[in-house]
Amino acid sequence: MRRSSLTKFLIERQHAGKINADLRLLIETIARACKAISTRVNKGVLGGGHGSAGTENVQGELQKNLDVMSNEILLEANEWGGNLAALASEEMEDVKPTPTHYPRGEYLLLFDPLDGSSNIDVNISVGTIFSVLSCPKGPDGKPCEPDEKCFLQPGREQVAAGFAVYGPTTQLVITVGDGAHAFTLDRESFTFILTQANIRIPEDTAEFAINTSNMRRWEPPVKRYIDECLAGKDGPRGKDFNMRWVASMVADVYRVLSRGGIFMYPRDSKNKDGRLRLMYEANPMAFIVEQAGGSATDGKTRILDLQPKGLHQRVAVVLGSKNEVERVASYHK
């Protein structure tokens, strides 16, 4: 059976009335940018992406050369297409409106250009995460002049989200609100091909992902949950668990989508609000995971219901197999 390309998949969604032409073109543009980033990642040190750029991003984090390259690739790909009113990046302090000499579209794009970039130099999977919102409209019915406030919408308002994983193969996972779907980059045709439609995350799991080096700082509900997992068959859960931790959110979440599991980056005594970014990481991943039948919470509140307070707000994240996420949430209560 002939497999569908990303373009064919999106056109079918457009014909079904699930997305419009502008959103289709925007997702295709992001996908092309991901191909370009994938090529840079695959070149490794030969492509000049390794090592420090000698600069810091708005978070105060040291940027890798490939962080800067990936950000530029996404900016250049998206600023002129007429699909966007503005975009925002984890690597930039402020929003970037569409240049005035280009048409202004109806969407807002947020992205983490290179998630897991600390792993670049050791050849571990990294990736790109993106989120799409509708730009609020003014009295004339046209997209308003975009500023930070326009972006501060709860995650449930997302119209599309996705992420790419640059690993042994390049994978692209997207949702437009009708399930989560995975595509694999065919290196010969340089085309994203649908390889898994309507992904479903098992409701139960025996696998968890968390950075246990932070254990001494965890809140009691998180420590209780992990202690029960580590106790295995002899503990209250009555079964053995495996721990996996890649330290690239894209890779860890892709594993959850592929075979189930729970991914946790909780708040702790050092990161009192959490570590991951709500707008660039938590919201798009929560949208995708929920579309695949999983759950996502900050421990107390569904992530997609959180009202953002700032463009670079941090948040705790617990997502994955529904029954395990609900167990962690119940411990917080």
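None of the figures in this text is laboratory data; all of them are computed from the coordinates on show. What you are looking at is a predicted structure, and each value in this text was computed from that prediction instead of being measured. Here the Cβ is made from the backbone with ideal geometry for all residues, glycine too, and neighbour counts use every protein chain on show.
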**Request:** Specify the residue with the greatest mean-square fluctuation among PRO103, PRO168, PRO143, computed from a Gaussian network of the chain linking alpha-carbon atoms under 10 Å apart.
**Result:** PRO168
**Message:** Given Cβ point charges of +1 (Lys, Arg) and -1 (Asp, Glu) and nothing else, what value in debye, to the nearest 20, does the dipole of the range 177-294 about its Cα centre take?
**Reply:** 500 debye
**Message:** Can you find, among LEU152, PHE241, PHE163, the residue sitting farthest towards the positive end of the charge dipole of the chain, where Lys and Arg contribute +1 and Asp and Glu -1 at Cβ?
**Reply:** PHE241
**Prompt:** Based on the alpha carbon coordinates of the range 139-223, what radius of gyration and maximum Cα-Cα distance (Dmax) apply, in Å?
**Reply:** 19.2, 55
**Asked** Karplus couplings for the range 201-210 from phi (6.51 cos²θ - 1.76 cosθ + 1.60, θ = phi - 60°), rounded to Hz, Gly and Pro as x?
**Response** 8, x, 6, 10, 7, 10, 9, 9, 10, 7
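Taking loop as defined by DSSP and a crowding limit of 16 other beta carbons within 10 Å, which GluC sites (Glu not before Pro) in the range 197-252 fit?
Values: sites: GLU203, GLU207, GLU228; in loops: GLU203.
Sites meeting the loop and neighbour criteria: GLU203.
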**Request:** Pull up the DSSP beta bridges for the range 192-333 and report the antiparallel fraction as a percent, rounded to 5.
**Result:** 75 percent
**Prompt:** Using alpha-carbon positions, what is the distance between the centroids of the range 79-102 and the range 239-292, in Å?
**Reply:** 28 Å
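Could you order peptides 85-93, 305-313, 114-122 by the average number of other Cβ atoms within 10 Å of their residues, highest first? Mind dumping the intermediate values first?
Numbers: 85-93: 21.6, 305-313: 15.4, 114-122: 19.7.
Taking the mean over residues of other Cβ atoms within 10 Å, the ranking is 85-93, 114-122, 305-313.
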**Asked** LYS270: which lysines have alpha carbons under 19 Å from its alpha carbon, excluding same-chain residues fewer than 8 sequence positions away?
**Response** LYS223, LYS300
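Only Cα pairs under 8 Å and at least 6 apart count here; give the relative contact order of the chain as a rounded whole percent.
Worked out over the chain, it gives 15 percent.
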**Request:** Select from GLY299, GLN63, PRO284 the residue farthest towards the positive end of the dipole of the chain; place +1 on Cβ of Lys and Arg, -1 on Cβ of Asp and Glu, and compute about the Cα centre.
**Result:** GLY299
**Residues in the range 15-46 reached by a label modelled at THR7 [backbone nitrogen below 17 Å; 7 Å Cα→Cβ]** = 15, 21-36
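Using Cα pairs under 8 angstrom and six or more residues apart, how large is the relative contact order of the range 136-288, in percent?
Relative contact order for the range 136-288 comes out at 23 percent.
As an exercise, take the mean of 1/r over every pair of distinct alpha carbons in the range 82-212, invert it, and state the Kirkwood radius in angstroms.
Details: mean 1/r = 0.0587 Å⁻¹.
Result for the range 82-212 stands at 17.0 Å.
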**Prompt:** Using helices alone, what [θ] at 222 nm do you get for the chain, with -39,500 (n - 2.57) per DSSP H run of 4 or more residues, divided over all residues and rounded to the nearest 500?
**Reply:** -8500 deg cm²/dmol
**Message:** Just to be sure I understand the model, the point goes 7 Å from the Cα along the line to the Cβ. What's the resulting LEU194 to VAL45 distance in nm?
**Reply:** 4.2 nm
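For the chain, which span is the longest to avoid every loop-located (per DSSP) member of chymotrypsin sites (Phe, Trp or Tyr not before Pro) having at most 15 other Cβ atoms inside 10 Å? Don't jump to the answer; show the numbers that get you there.
Numbers: sites that count: TRP80, PHE190, TRP245.
The longest such stretch corresponds to 81-189.
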